[in-house]
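Right, one structure below, let's go through it.
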Amino acid sequence: MFFHKQELQHKASPDKADPVYARKLQEVLGGQYGEITVAMQYGFQAWNSHLPGKYRDLVYGIGAEEFGHVEMLAIMIAKLLETAPTELTEKAMKSDPTLAAVIGGMDVQHAIVAGAGARPVDSNGNPWQGSYITCSGNLLADFTANANAEMQGRLQVARLYHMTEDSGVKDLLSFLLARDTMHQNQWIAAARELQEEGLESLPVPSMFPLKNEERDVSYQYLNFSSGEMAAEGSWASGPTPDGLGEFSYHAGPTTAAPAPSATMPDPLLYGTMPLPDPGMVKKVAEKVKDAVASDPD
């Protein structure tokens, strides 16, 4: 159940309108790692959770907060677009014909489609997609993906922070940076706790029987690059994080299989195929002839 209270978690008031920056800000609203993505990602993880208790409550709680971040950014974008479709566009057109061609760099659909409002799109106007979200049903895999989402989101917000001098915008971004810091740490702590409690462990999925895995290559670092310095890392020698083996380094593949023979699809697909013997030509021709005869249309 959702209940909306018409208040913001943090204020969202720019010093002045800026349609170009509004377009930039769309990335952390409707981009792959934007607030819509994490809100929906955590929501579906909670709704699909098979494990009641603290982990599901955690996903529910952060997901609900992220919906509030969607709201704050949408309102900030709308405020950045106030008066923009008329006054600022006209100014851009007068000062630079090139800028005029792209309406001063703003997203024209902000004005044409959304009436000077935010849209569920990224900074290039690409619609937000449900395929951005990760919801596997495996909490360790999902929590790791969540930490990555928060890292990518915080990275983008940090870049946007240096692209404006608007103190109001920076105030909101400063708050979002702080919450991303918290959420990164929460997901990393939750992933660690899952492993410590034995609910999940590496490799994911931990319940898959290892006897069905070709264990000879499970911990081999096969370096397919000419760069050899990677052999110096902890991922190339020493104990593995799952505690079940030892890393070993190998310059290139340790096994090889013979090249497969060429496939021979149905000749009615009209692909170019080798003919192993002259008699095959006659067989193919007869098959095509029979197919044509059975289908006069």
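Miscellaneous remarks
- Each residue, Asp242 and Tyr60, gets one label point 7 Å from its Cα in the Cβ direction; the gap between the two is 3.3 nm.
- Entries of Lys79/Lys170; Lys54/Lys211; Lys5/Lys54 with Cα pairs more than 23 Å apart: Lys54/Lys211; Lys5/Lys54
- Shape parameters for region 20-65, alpha-carbon atoms, Rg then Dmax in Å: 13.3, 45
- Between 0 and 90 degrees, the angle of helix 139-161 with respect to the longest Cα principal axis of the chain falls at about 50 degrees.
- Per-pair calculated FRET efficiency, R0 = 45 Å: Ala189 and Asp266 via Cβ, rounded to 0.05: 0.20
- Rounded FRET efficiency, nearest 0.05, which uses the C-beta distance separating Ser206 from Lys5 and R0 of 35 Å: 0.30
- In this label model, Asn48 and Asp171 are separated by 3.9 nm, measuring between points 7 Å along each Cα→Cβ vector.
- If the chain linking Thr134 and Arg159 were pulled fully straight, counting 0.36 nm for each residue of separation and taking away their Cα-Cα distance, it would gain 6.6 nm.
- Given their separation in residues at 0.36 nm each and the Cα-Cα distance between them, Thr254 and Ala178 gain 22.7 nm when the chain is fully extended.
- Per-residue Cβ neighbour counts within 10 Å put Leu81, Leu139 in the sequence Leu139, Leu81, beginning with the fewest.
- Set of aspartates and glutamates with alpha-carbon distance to Lys24 below 17 Å, sequence-local pairs under 8 removed: Asp15, Glu35, Glu71, Glu82, Asp107, Asp122, Glu165, Asp166, Asp171
- Sites Ser218 and Val108, calculated FRET efficiency, Cβ-Cβ separation with R0 51 Å, nearest 0.05: 0.45
- Here each label is just a point 7 Å from Cα along the line to Cβ, and for Leu199 and Asn124 those points are 3.8 nm apart.
- Prolate/oblate/rounded label for region 210-251 (Cα gyration tensor, a/c 1.5): oblate
- Listed values (i) 19.4; (ii) 24.2; (iii) 20.1 include one computed from this model; for Kirkwood radius over Cα pairs in Å that value carries the label (ii).
- Evaluated at q = 0.12, 0.24 Å⁻¹, a Debye calculation over the C-alpha positions of region 98-171 (equal weights, vacuum) places log10 I(q)/I(0) at -0.54, -1.18.
- Axis of helix 54-80 versus longest Cα principal axis of the chain: the two differ by about 60°, to the nearest ten degrees.
- The chain: angle of helix 35-47 to the longest principal axis, Cα-based, in degrees nearest 10: 60 degrees
- Fully extended contour minus Cα-Cα distance, from Ala291 to Lys16, at 0.36 nm per residue: 91.9 nm
- Dividing the summed helix terms, -39500 (n - 2.57) for each DSSP H run of n ≥ 4, by the number of residues in the chain produces a 222 nm estimate of -15000 deg cm²/dmol to the nearest 500.
- Both radii come from the Cα set of region 148-273: Rg as radius of gyration, Rh as Kirkwood radius; their ratio Rg/Rh reads 1.18.
- Relative contact order (%) - the chain, alpha-carbon pairs under 8 angstrom, separation at least six: 18 percent
Where a number appears in this text, it was derived from the coordinates with a stated rule and is not lab data. A quick note: this is a predicted structure, and the numbers were derived from the prediction, not measured. Glycine gets a Cβ as well: all are built from the backbone with ideal geometry, and neighbour counts include every protein chain shown.
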